[in-house]
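Here is the structure we will look at.
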Amino acid sequence: MSLSDELSRIILEDQEKDGSFLSNSVPVASPFGQTGRTHRTSFFTALIANCLANTDKPELMTAAGRAVDYLLTQNSPSWSFNYWARDSTEASQQPYPDDWDDTSLSLAAIMRIRPEVIDGAVMAPVVSLLTNTEVQEGGPYKSWLVDNSFPAAWQDVDVAVNANIGYLLKLQDVELPNLVKLIEERIRGNTLQSPYYPSITPVLYFVSRWYDGICKPSLLQALEDATGEAKKTGNVLEAALAVTASIYLGGPAEQIAADIKWLHSRYARDLAVPYPMCLDPAEGAKQFVAGSKALTAALCLESESAFNEMKRASSERATTSRADIQGMI
(Lines give C-alpha, C1' and ligand atoms only; values in the text may rest on other atoms or scores of the structure.)
Protein backbone atom coordinates (compact mmCIF):
# COMPACT_ATOMS: atom_id res chain seq x y z
CA MET A 1 0.00 0.00 0.00
CA SER A 2 1.39 3.42 -0.98
CA LEU A 3 1.73 6.23 1.53
CA SER A 4 -1.08 8.13 -0.20
CA ASP A 5 -3.32 5.07 0.07
CA GLU A 6 -2.45 4.70 3.75
CA LEU A 7 -3.34 8.33 4.43
CA SER A 8 -6.61 7.82 2.57
CA ARG A 9 -7.35 4.74 4.68
CA ILE A 10 -6.94 6.73 7.89
CA ILE A 11 -9.36 9.40 6.70
CA LEU A 12 -11.96 6.90 5.51
CA GLU A 13 -11.76 4.84 8.71
CA ASP A 14 -12.02 7.92 10.92
CA GLN A 15 -15.09 9.37 9.21
CA GLU A 16 -18.23 8.90 11.28
CA LYS A 17 -21.43 7.40 9.88
CA ASP A 18 -23.01 10.87 9.67
CA GLY A 19 -20.06 12.17 7.61
CA SER A 20 -18.41 14.14 10.42
CA PHE A 21 -14.92 13.80 11.86
CA LEU A 22 -14.19 13.77 15.58
CA SER A 23 -11.37 15.67 17.25
CA ASN A 24 -9.31 14.86 20.32
CA SER A 25 -8.80 17.51 22.99
CA VAL A 26 -5.97 17.33 25.55
CA PRO A 27 -4.27 19.75 27.95
CA VAL A 28 -1.43 21.76 26.39
CA ALA A 29 1.81 19.72 26.23
CA SER A 30 -0.05 16.47 26.98
CA PRO A 31 0.23 13.57 24.53
CA PHE A 32 -2.81 12.75 22.45
CA GLY A 33 -4.47 9.40 23.05
CA GLN A 34 -3.68 9.00 26.74
CA THR A 35 -5.87 11.64 28.34
CA GLY A 36 -8.46 14.11 27.15
CA ARG A 37 -11.85 14.26 25.50
CA THR A 38 -13.48 13.71 22.15
CA HIS A 39 -15.61 16.30 20.35
CA ARG A 40 -17.73 16.48 17.22
CA THR A 41 -17.28 19.88 15.57
CA SER A 42 -18.05 21.66 12.33
CA PHE A 43 -14.48 23.02 12.43
CA PHE A 44 -12.60 19.75 11.95
CA THR A 45 -15.11 18.38 9.46
CA ALA A 46 -14.89 21.57 7.39
CA LEU A 47 -11.08 21.65 7.46
CA ILE A 48 -10.83 18.05 6.30
CA ALA A 49 -13.48 18.56 3.62
CA ASN A 50 -11.56 21.54 2.23
CA CYS A 51 -8.42 19.40 2.02
CA LEU A 52 -10.29 16.60 0.25
CA ALA A 53 -11.70 19.03 -2.30
CA ASN A 54 -8.25 18.93 -3.95
CA THR A 55 -8.22 15.17 -4.44
CA ASP A 56 -9.01 13.15 -7.55
CA LYS A 57 -9.45 9.86 -5.69
CA PRO A 58 -13.07 8.68 -6.05
CA GLU A 59 -13.25 7.27 -2.51
CA LEU A 60 -12.02 10.55 -1.02
CA MET A 61 -14.40 12.56 -3.19
CA THR A 62 -17.19 10.43 -1.75
CA ALA A 63 -15.90 11.12 1.77
CA ALA A 64 -15.82 14.85 1.00
CA GLY A 65 -19.44 14.67 -0.14
CA ARG A 66 -20.44 12.90 3.06
CA ALA A 67 -18.65 15.59 5.09
CA VAL A 68 -20.71 18.21 3.27
CA ASP A 69 -23.85 16.22 4.01
CA TYR A 70 -22.97 16.55 7.67
CA LEU A 71 -22.21 20.27 7.44
CA LEU A 72 -25.59 20.82 5.82
CA THR A 73 -27.20 19.57 9.03
CA GLN A 74 -25.33 22.20 11.05
CA ASN A 75 -26.21 25.54 9.46
CA SER A 76 -28.59 27.96 11.16
CA PRO A 77 -31.46 29.51 9.15
CA SER A 78 -29.09 32.44 8.41
CA TRP A 79 -26.36 30.01 7.27
CA SER A 80 -24.07 30.54 10.23
CA PHE A 81 -22.21 27.66 11.90
CA ASN A 82 -21.06 26.84 15.42
CA TYR A 83 -17.92 25.14 16.70
CA TRP A 84 -19.96 22.53 18.54
CA ALA A 85 -22.25 20.08 16.82
CA ARG A 86 -25.79 21.42 17.27
CA ASP A 87 -27.02 18.34 19.16
CA SER A 88 -23.88 17.80 21.25
CA THR A 89 -23.64 17.82 25.02
CA GLU A 90 -21.08 20.63 24.77
CA ALA A 91 -23.53 22.84 22.87
CA SER A 92 -25.90 22.75 25.85
CA GLN A 93 -23.40 22.61 28.72
CA GLN A 94 -20.75 24.97 27.35
CA PRO A 95 -22.55 26.99 24.67
CA TYR A 96 -20.80 29.37 22.29
CA PRO A 97 -22.31 31.80 19.79
CA ASP A 98 -21.97 30.99 16.12
CA ASP A 99 -18.74 32.40 14.71
CA TRP A 100 -17.09 33.40 11.46
CA ASP A 101 -14.26 30.85 11.64
CA ASP A 102 -16.61 27.87 11.51
CA THR A 103 -19.03 29.66 9.20
CA SER A 104 -16.44 30.64 6.60
CA LEU A 105 -14.68 27.25 6.64
CA SER A 106 -17.97 25.33 6.40
CA LEU A 107 -19.36 27.49 3.60
CA ALA A 108 -16.05 27.26 1.72
CA ALA A 109 -16.15 23.46 1.89
CA ILE A 110 -19.73 23.39 0.64
CA MET A 111 -18.91 25.84 -2.18
CA ARG A 112 -15.98 23.75 -3.35
CA ILE A 113 -17.58 20.32 -3.11
CA ARG A 114 -21.24 21.05 -3.82
CA PRO A 115 -21.31 24.53 -5.39
CA GLU A 116 -24.92 24.24 -6.55
CA VAL A 117 -26.05 24.51 -2.92
CA ILE A 118 -24.64 28.03 -2.47
CA ASP A 119 -27.10 30.06 -4.52
CA GLY A 120 -28.49 33.55 -4.09
CA ALA A 121 -30.90 32.39 -1.40
CA VAL A 122 -27.91 31.28 0.69
CA MET A 123 -25.62 34.20 -0.05
CA ALA A 124 -28.23 36.84 0.85
CA PRO A 125 -28.25 35.98 4.59
CA VAL A 126 -24.48 35.46 4.52
CA VAL A 127 -24.04 39.01 3.22
CA SER A 128 -26.31 40.19 6.04
CA LEU A 129 -24.09 38.38 8.55
CA LEU A 130 -21.07 40.16 7.11
CA THR A 131 -22.78 43.53 7.26
CA ASN A 132 -23.89 42.98 10.85
CA THR A 133 -20.38 42.09 12.04
CA GLU A 134 -18.20 44.51 10.07
CA VAL A 135 -16.06 46.95 12.00
CA GLN A 136 -16.31 49.31 9.07
CA GLU A 137 -17.79 48.98 5.61
CA GLY A 138 -16.00 46.20 3.77
CA GLY A 139 -14.42 44.74 6.90
CA PRO A 140 -12.58 43.64 8.84
CA TYR A 141 -15.11 41.54 10.72
CA LYS A 142 -15.70 40.51 14.29
CA SER A 143 -15.10 36.85 15.11
CA TRP A 144 -18.40 36.11 16.84
CA LEU A 145 -21.85 36.48 15.32
CA VAL A 146 -23.30 38.53 18.17
CA ASP A 147 -24.68 42.04 18.51
CA ASN A 148 -23.11 44.96 20.35
CA SER A 149 -24.93 44.13 23.58
CA PHE A 150 -22.52 41.24 24.20
CA PRO A 151 -19.45 41.85 26.40
CA ALA A 152 -16.16 43.03 24.85
CA ALA A 153 -14.73 39.49 24.96
CA TRP A 154 -17.16 38.56 22.16
CA GLN A 155 -16.33 41.62 20.01
CA ASP A 156 -12.76 40.76 18.97
CA VAL A 157 -11.35 41.13 15.45
CA ASP A 158 -9.04 38.17 14.74
CA VAL A 159 -6.52 37.81 11.91
CA ALA A 160 -7.08 34.07 11.37
CA VAL A 161 -10.85 34.49 11.29
CA ASN A 162 -10.61 37.34 8.80
CA ALA A 163 -8.18 35.31 6.68
CA ASN A 164 -10.80 32.57 6.43
CA ILE A 165 -13.45 35.14 5.52
CA GLY A 166 -11.08 36.38 2.82
CA TYR A 167 -10.83 32.85 1.43
CA LEU A 168 -14.60 32.40 1.45
CA LEU A 169 -15.05 35.67 -0.46
CA LYS A 170 -12.32 34.75 -2.95
CA LEU A 171 -14.34 31.66 -3.86
CA GLN A 172 -17.10 34.11 -4.82
CA ASP A 173 -14.60 36.27 -6.78
CA VAL A 174 -14.84 39.04 -4.18
CA GLU A 175 -11.80 40.84 -2.79
CA LEU A 176 -12.14 43.42 -0.04
CA PRO A 177 -9.24 45.91 0.25
CA ASN A 178 -9.84 46.27 3.98
CA LEU A 179 -9.11 42.57 4.55
CA VAL A 180 -5.93 42.85 2.50
CA LYS A 181 -4.98 45.91 4.55
CA LEU A 182 -5.54 44.03 7.83
CA ILE A 183 -3.40 41.10 6.71
CA GLU A 184 -0.60 43.37 5.52
CA GLU A 185 -0.64 45.41 8.73
CA ARG A 186 -0.32 42.20 10.74
CA ILE A 187 2.48 40.89 8.51
CA ARG A 188 4.46 44.13 8.75
CA GLY A 189 3.87 44.33 12.50
CA ASN A 190 4.77 40.67 13.02
CA THR A 191 1.43 40.18 14.78
CA LEU A 192 -0.08 37.21 12.98
CA GLN A 193 -0.71 35.24 16.17
CA SER A 194 -4.34 34.37 16.87
CA PRO A 195 -5.67 33.51 20.35
CA TYR A 196 -7.57 30.64 18.76
CA TYR A 197 -4.49 28.81 17.41
CA PRO A 198 -1.35 27.49 19.15
CA SER A 199 1.09 29.03 16.63
CA ILE A 200 1.10 31.34 13.61
CA THR A 201 1.46 28.42 11.16
CA PRO A 202 -2.30 27.81 10.75
CA VAL A 203 -2.74 31.55 10.21
CA LEU A 204 -0.06 31.57 7.50
CA TYR A 205 -1.84 28.64 5.84
CA PHE A 206 -5.22 30.38 5.95
CA VAL A 207 -3.74 33.58 4.50
CA SER A 208 -1.90 31.72 1.73
CA ARG A 209 -5.13 30.35 0.26
CA TRP A 210 -6.17 33.77 -1.09
CA TYR A 211 -3.61 36.50 -0.42
CA ASP A 212 -1.64 37.75 -3.46
CA GLY A 213 -0.26 41.08 -2.28
CA ILE A 214 3.09 42.80 -1.85
CA CYS A 215 3.90 41.10 1.47
CA LYS A 216 4.29 37.60 -0.03
CA PRO A 217 8.11 37.64 0.48
CA SER A 218 7.60 38.28 4.20
CA LEU A 219 5.05 35.47 4.38
CA LEU A 220 7.44 33.09 2.62
CA GLN A 221 10.19 33.96 5.10
CA ALA A 222 7.81 33.29 7.98
CA LEU A 223 6.87 29.98 6.38
CA GLU A 224 10.52 29.02 5.97
CA ASP A 225 11.00 29.65 9.69
CA ALA A 226 7.82 27.71 10.52
CA THR A 227 8.88 24.75 8.38
CA GLY A 228 12.30 24.68 10.00
CA GLU A 229 10.76 24.67 13.46
CA ALA A 230 8.27 21.95 12.51
CA LYS A 231 11.06 19.77 11.12
CA LYS A 232 13.13 20.32 14.26
CA THR A 233 10.27 19.25 16.54
CA GLY A 234 8.88 16.61 14.17
CA ASN A 235 5.45 18.25 14.00
CA VAL A 236 3.94 16.76 10.84
CA LEU A 237 0.78 18.88 10.90
CA GLU A 238 2.62 22.19 11.11
CA ALA A 239 5.08 21.09 8.44
CA ALA A 240 2.22 20.13 6.11
CA LEU A 241 0.49 23.46 6.72
CA ALA A 242 3.69 25.41 6.06
CA VAL A 243 4.72 23.48 2.94
CA THR A 244 1.27 23.75 1.39
CA ALA A 245 1.15 27.47 2.15
CA SER A 246 4.59 27.91 0.53
CA ILE A 247 3.32 26.19 -2.61
CA TYR A 248 0.21 28.38 -2.74
CA LEU A 249 2.37 31.51 -2.37
CA GLY A 250 4.81 30.44 -5.10
CA GLY A 251 7.78 29.63 -2.88
CA PRO A 252 11.15 28.31 -4.13
CA ALA A 253 10.63 24.98 -5.88
CA GLU A 254 13.88 23.33 -4.72
CA GLN A 255 13.21 24.09 -1.07
CA ILE A 256 9.60 22.93 -1.37
CA ALA A 257 10.75 19.65 -2.96
CA ALA A 258 13.19 19.09 -0.08
CA ASP A 259 10.49 19.86 2.48
CA ILE A 260 8.04 17.48 0.79
CA LYS A 261 10.70 14.76 0.86
CA TRP A 262 11.15 15.30 4.61
CA LEU A 263 7.39 15.32 5.12
CA HIS A 264 6.98 12.02 3.28
CA SER A 265 9.69 10.35 5.34
CA ARG A 266 8.32 11.71 8.61
CA TYR A 267 4.62 11.05 8.24
CA ALA A 268 5.37 7.54 7.01
CA ARG A 269 6.33 6.93 10.66
CA ASP A 270 3.63 9.07 12.28
CA LEU A 271 0.50 8.20 10.33
CA ALA A 272 -1.76 7.79 13.34
CA VAL A 273 -0.51 10.76 15.39
CA PRO A 274 -2.71 13.82 15.96
CA TYR A 275 -1.05 17.20 16.42
CA PRO A 276 -2.58 20.41 17.85
CA MET A 277 -4.46 22.44 15.26
CA CYS A 278 -6.44 24.84 17.44
CA LEU A 279 -7.00 25.82 21.05
CA ASP A 280 -10.00 24.22 22.70
CA PRO A 281 -12.12 25.53 25.61
CA ALA A 282 -10.19 25.66 28.86
CA GLU A 283 -11.16 23.88 32.05
CA GLY A 284 -10.45 26.27 34.90
CA ALA A 285 -6.87 27.41 34.44
CA LYS A 286 -5.99 24.45 32.22
CA GLN A 287 -5.79 25.25 28.47
CA PHE A 288 -6.64 22.51 25.97
CA VAL A 289 -5.60 21.96 22.35
CA ALA A 290 -7.45 19.92 19.73
CA GLY A 291 -6.25 17.74 16.87
CA SER A 292 -7.13 14.64 14.91
CA LYS A 293 -5.18 12.02 13.02
CA ALA A 294 -7.66 12.35 10.12
CA LEU A 295 -6.85 16.07 9.87
CA THR A 296 -3.11 15.38 9.93
CA ALA A 297 -3.58 12.85 7.14
CA ALA A 298 -5.82 15.20 5.12
CA LEU A 299 -3.33 18.08 5.39
CA CYS A 300 -0.51 15.77 4.29
CA LEU A 301 -2.58 14.68 1.30
CA GLU A 302 -3.30 18.32 0.47
CA SER A 303 0.43 19.09 0.50
CA GLU A 304 1.04 16.18 -1.85
CA SER A 305 -1.75 17.29 -4.21
CA ALA A 306 -0.50 20.88 -4.20
CA PHE A 307 3.06 19.72 -4.90
CA ASN A 308 1.95 17.52 -7.81
CA GLU A 309 -0.05 20.43 -9.23
CA MET A 310 3.01 22.69 -8.88
CA LYS A 311 5.13 20.19 -10.82
CA ARG A 312 2.46 19.80 -13.51
CA ALA A 313 2.16 23.57 -13.96
CA SER A 314 5.96 23.90 -14.13
CA SER A 315 6.13 21.17 -16.77
CA GLU A 316 3.41 22.86 -18.83
CA ARG A 317 5.26 26.20 -18.66
CA ALA A 318 8.47 24.51 -19.81
CA THR A 319 6.65 22.83 -22.70
CA THR A 320 5.06 26.13 -23.73
CA SER A 321 8.41 27.90 -23.54
CA ARG A 322 10.07 25.29 -25.77
CA ALA A 323 7.22 25.59 -28.26
CA ASP A 324 7.61 29.37 -28.30
CA ILE A 325 11.33 29.07 -28.93
CA GLN A 326 10.80 26.59 -31.75
CA GLY A 327 8.24 28.92 -33.30
CA MET A 328 10.84 31.68 -33.38
CA ILE A 329 13.41 29.56 -35.20
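The values are calculated or read from the model by the stated rules, or taken from the named source; none is laboratory data. Everything numeric here is computed off the predicted structure, so don't read it as measured data. In this analysis, Cβ positions are derived from the backbone assuming ideal geometry, glycine residues included, and neighbour counts consider all displayed protein chains. The accessibility values were calculated without ligands, DNA or RNA, using every heavy atom of the protein model including side chains. Shrake-Rupley method; radii C 1.70, N 1.55, O 1.52, S 1.80 Å.
When every residue of the stretch 173-181 is checked against the conditions, none turns out to be of a type in the set (A, V, I, L, M, F, W, C), farther than 23 Å from Arg112 by Cβ and in contact with a helix residue (DSSP H, G or I) (Cβ under 7 Å, 6 or more places away or on another chain). Residues that are under 16 Å from Ser80 (Cβ atoms) and touching a Leu at 6+ places or on another chain (Cβ under 7 Å) were ranked within the stretch 130-161; the one that is surrounded by the most Cβ atoms within 10 Å (Cβ to Cβ) is Tyr141.
Of the residues making up the stretch 128-155, just one is among the acidic types (Asp, Glu) and in contact with a Pro (Cβ under 9 Å, 6 or more places away or on another chain), namely Glu134. If the condition is being part of a helix (DSSP H, G or I), under 19 Å from Leu263 (Cα atoms) and in contact with a helix residue (DSSP H, G or I) (Cβ under 7 Å, 6 or more places away or on another chain), then the stretch 209-237 contributes Leu220, Ala222, Leu223, Ala226, Thr227, Ala230, Lys231, Val236, Leu237. Apart from one condition, Lys261 fits all of (1) at pLDDT 95 or above; (2) part of a helix (DSSP H, G or I); the exception is (1). Any residue that is within 19 Å of Phe21 (Cα to Cα) and either open to solvent by 60 Å² or more (accessible area, probe 1.4 Å) or without any contact (Cβ under 8 Å) to a residue 60 or more places away in the chain (or both) - is there at least one of those in the stretch 295-317? No, the stretch 295-317 contains no residue that is within 19 Å of Phe21 (Cα to Cα) and either open to solvent by 60 Å² or more (accessible area, probe 1.4 Å) or without any contact (Cβ under 8 Å) to a residue 60 or more places away in the chain (or both).
Pairing residues of the stretch 201-225 that are within 16 Å of Ala239 (Cβ to Cβ) and open to solvent by 10 Å² or more (accessible area, probe 1.4 Å) with residues that are of a type in the set (Ser, Thr, Tyr) and assigned to a helix (DSSP H, G or I), at Cβ distances under 7 Å and at least 6 apart in sequence or on separate chains, gives Leu220/Ser246.
Output the helices (runs of 4 or more DSSP H) that fall wholly within the stretch 30-146 and possess 2 or more residues being at pLDDT 95 or above and under 21 Å from the mean Cα position of the chain (by Cα), or say none. Helices (runs of 4 or more DSSP H) meeting the threshold: 42-52, 58-71, 100-113, 120-133. The set of residues in the stretch 275-291 that are assigned to a strand (DSSP E or B) and aromatic (Phe, Trp, Tyr) contains only Phe288.
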